[in-house]
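Student: What follows is a structure written as structure tokens; I'll ask about it next.
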Amino acid sequence: MVWLEFLTCLALILAAGTRLTRYADAISEKTQLGRIWIGIVLVASITAMPEMATGISSAVLVDSPNLAFGTLLGSVCFNLTIVAILDGLNRQRIPALSQVSSRQLPGARWGMGLLVLAGLGLYLSPRVGMPSLGWLSLPAILLVVMYPLAVRQILGAEKRHTATEERETTDRYANLTLRGVFVRFYLAAAVVVAAGVWLSFTGDRIADVTGWGTSFVGNLFLAVATSAPEIVVSISAVRMGVPDLALGDILGANMLDTAMVGLVDLFYVRGSIFAATSQVNLVVVAAALLMTLVVSLAIARPRDNYVVGRVSWYGPILVASYLVVAYVLFTHGAG
């Protein structure tokens with residue numbers, strides 16, 4: 001039954017996620033906010049909900065800080081691996097990251113800043129006495145504060161850009177009103193969130209059935225499962241010819257996933273989640289930083305051709321980095 005639930009959730013996410021992408025693009029066109037901001041904030045806040053639900057439930061209900069931290073940061077790594085997958089589904093003859101705007105770079109930089117902060121918190125908390133507010137540690141507070149600052153800065157930059165840019169208008173959504181688009185968007189979002197959260201709660205039961213350790217489940221299986229909305233939305237966006245929406249969703253979800261470590265720390269009343277989490281998760285943080293840096297370089301220095309077939313220069317690096325993370329966590333992870 002648990003695997004049937006898993007497949008049902010995936011089917012619902014596939015159906016609703018495809019529509020979510022279309023309506024997000026319509027919102028971008030009708031509001032003139034731009035696909036980057038819509039992807040980083042609006043769409044990412046929907047697709048990252050399963051990770052938040054899993055992280056909080058893992059810390060509060062299961063009392064497993066490893067599963068909570070691993071799910072959130074493992075999803076960051078897997079989301080970046082999706083970028084390599086997009087090349088194979090891309091309809092253009094140039095790599096996906098060569099088609100996106102350089103205005104995606106602030107989202108990548110803020111993402112790396114959040115990852116560095118999370119990594120420092122994980123490394124220092126068991127070694128030195130960290131300032132705290134009650135049980136909420138200083139790194140957690142900084143993560144929660146840093147995310148809205150990042151969103152505000154990106155929104156400001158996008159507004160300045162769209163004010164001076166001559167917008168391209170199309171007739172793709174002429175039959176839809178702005179109100180109708182928002183209604184359809186949030187209906188699709190409700191299905192994605194409900195199915196995604198439902199899917200995330202199957203992880204612990206699957207762990208019991210298979211006998212996997214929580215570190216392995218948190219960083220590999222649940223990371224893949226809870227990233228299902230990002231997979232569907234990103235692939236749909238690239239197939240629609242709007243890669244900025246796809247990458248915006250990935251980078252925005254990664255920023256939110258990392259910041260959620262601070263939110264999970266708020267719910268983990270036994271102490272600092274950083275001090276209670278296994279140091280093996282530093283490998284996940286390091287891999288996420290490397291992968292984000294690779295994506296940033298690919299955006300900053302676009303190339304007009306693939307290395308071979310539909311394989312870009314950055315694709316193998318992203319896939320290999322994730323496989324290393326999965327191997328290390330499988331061999332070192334425990335319950």
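Student: Condition (residue is within 25 Å of Ala320 (Cβ to Cβ) and either assigned to a helix (DSSP H, G or I) or touching a residue at least 60 places away in the same chain (Cβ under 8 Å) (or both)) applied to segment 54-64: is it met by at least one residue?
Tutor: Just the residues of segment 54-64 that are within 25 Å of Ala320 (Cβ to Cβ), to begin with: none.
There is no residue in segment 54-64 that is within 25 Å of Ala320 (Cβ to Cβ) and either assigned to a helix (DSSP H, G or I) or touching a residue at least 60 places away in the same chain (Cβ under 8 Å) (or both).
Student: Can you pull out every residue in segment 251-304 that is aromatic (Phe, Trp, Tyr) and open to solvent by 10 Å² or more (accessible area, probe 1.4 Å)? Break it down stepwise before answering.
Tutor: So in segment 251-304, the residues aromatic (Phe, Trp, Tyr) come out as 267-268, 274.
Across segment 251-304, the qualifying residues are Phe267, Tyr268.
Student: In segment 87-100, what count of residues is obtained for those that are buried (at least 24 other Cβ atoms within 10 Å of the Cβ) and part of a helix (DSSP H, G or I)?
Tutor: Summing the residues that are buried (at least 24 other Cβ atoms within 10 Å of the Cβ) and part of a helix (DSSP H, G or I) in segment 87-100 gives 2.
Student: Something else: Only residues that are among the aromatic types (Phe, Trp, Tyr) and either closer than 14 Å to Gln99 by Cα or within 19 Å of the chain's Cα centre (by Cα) (or both): list them for segment 296-318, please. Working first, answer last.
Tutor: Here is the first cut: in segment 296-318, the residues among the aromatic types (Phe, Trp, Tyr) are 306, 313-314.
Hits for segment 296-318 are Tyr306, Tyr314.
Student: Would you pick out the residues in segment 172-189 that are surrounded by fewer than 14 Cβ atoms within 10 Å (Cβ to Cβ) and assigned to a loop (DSSP other than H, G, I, E, B)?
Tutor: Passing the criteria: Arg172, Ala174, Asn175, Thr177.
Student: When you look at Ala11, is it in contact with a helix residue (DSSP H, G or I) (Cβ under 8 Å, 6 or more places away or on another chain), in a helix (DSSP H, G or I) and not acidic (Asp, Glu), yes or no?
Tutor: Details: in contact with a helix residue (DSSP H, G or I) (Cβ under 8 Å, 6 or more places away or on another chain): no; in a helix (DSSP H, G or I): yes; not acidic (Asp, Glu): yes.
So Ala11 does not fit the description; no.
Student: Looking at the structure I just gave you, is Tyr173 hydroxyl-bearing (Ser, Thr, Tyr), modelled with pLDDT of 85 or more and within 14 Å of Ala26 (Cβ to Cβ)? Reasoning before the result, please.
Tutor: Values: hydroxyl-bearing (Ser, Thr, Tyr): yes; modelled with pLDDT of 85 or more: no; within 14 Å of Ala26 (Cβ to Cβ): yes.
Considered against the rule, which asks whether it is hydroxyl-bearing (Ser, Thr, Tyr), modelled with pLDDT of 85 or more and within 14 Å of Ala26 (Cβ to Cβ), Tyr173 comes out as no.
Student: Does segment 307-326 hold any residues that are touching a residue at least 40 places away in the same chain (Cβ under 8 Å), among the aliphatic types (A, V, I, L, M) and closer than 15 Å to Asp87 by Cβ, and which are they?
Tutor: Val311, Leu318, Val319, listed by residue number.
Student: Filter segment 31-86 down to the residues that are small (Gly, Ala, Ser), under 23 Å from Ala286 (Cα atoms) and open to solvent by less than 10 Å² (accessible area, probe 1.4 Å) and list them by number.
Tutor: Step one: of segment 31-86, the residues small (Gly, Ala, Ser) are 34, 39, 44-45, 48, 53, 55, 57-59, 64, 68, 70, 74-75, 84.
Now drop any that are not under 23 Å from Ala286 (Cα atoms), which leaves 44, 48, 55, 58-59, 64, 68, 70, 74-75, 84.
Across segment 31-86, the qualifying residues are Ala44, Ala48, Gly55, Ser58, Ala59, Ala68, Gly70, Gly74, Ser75.
Student: Quick one: would you say Thr292 is modelled with pLDDT of 90 or more and either within 24 Å of Val128 (Cα to Cα) or touching a Gly at 6+ places or on another chain (Cβ under 6 Å) (or both)? Explain how you work it out, then say what you get.
Tutor: Details: modelled with pLDDT of 90 or more: yes; either within 24 Å of Val128 (Cα to Cα) or touching a Gly at 6+ places or on another chain (Cβ under 6 Å) (or both): yes.
Considered against the rule, which asks whether it is modelled with pLDDT of 90 or more and either within 24 Å of Val128 (Cα to Cα) or touching a Gly at 6+ places or on another chain (Cβ under 6 Å) (or both), Thr292 comes out as yes.
Student: I would also like to ask the following. Looking only at residues in segment 203-231 that are open to solvent by 20 Å² or more (accessible area, probe 1.4 Å) and under 20 Å from Val193 (Cα atoms), which one is modelled with the highest pLDDT?
Tutor: By that ranking, first place goes to Ile231.
The values are calculated or read from the model by the stated rules, or taken from the named source; none is laboratory data. All of these numbers come straight from a predicted model, not from anything done at the bench. Using ideal geometry, Cβ is built from the backbone for each residue, glycine included, and neighbour counts are taken over all protein chains shown. Quick note on the areas: whole protein, heavy atoms, side chains included, nothing else; ligands and nucleic acids left out. Shrake-Rupley method; radii C 1.70, N 1.55, O 1.52, S 1.80 Å.
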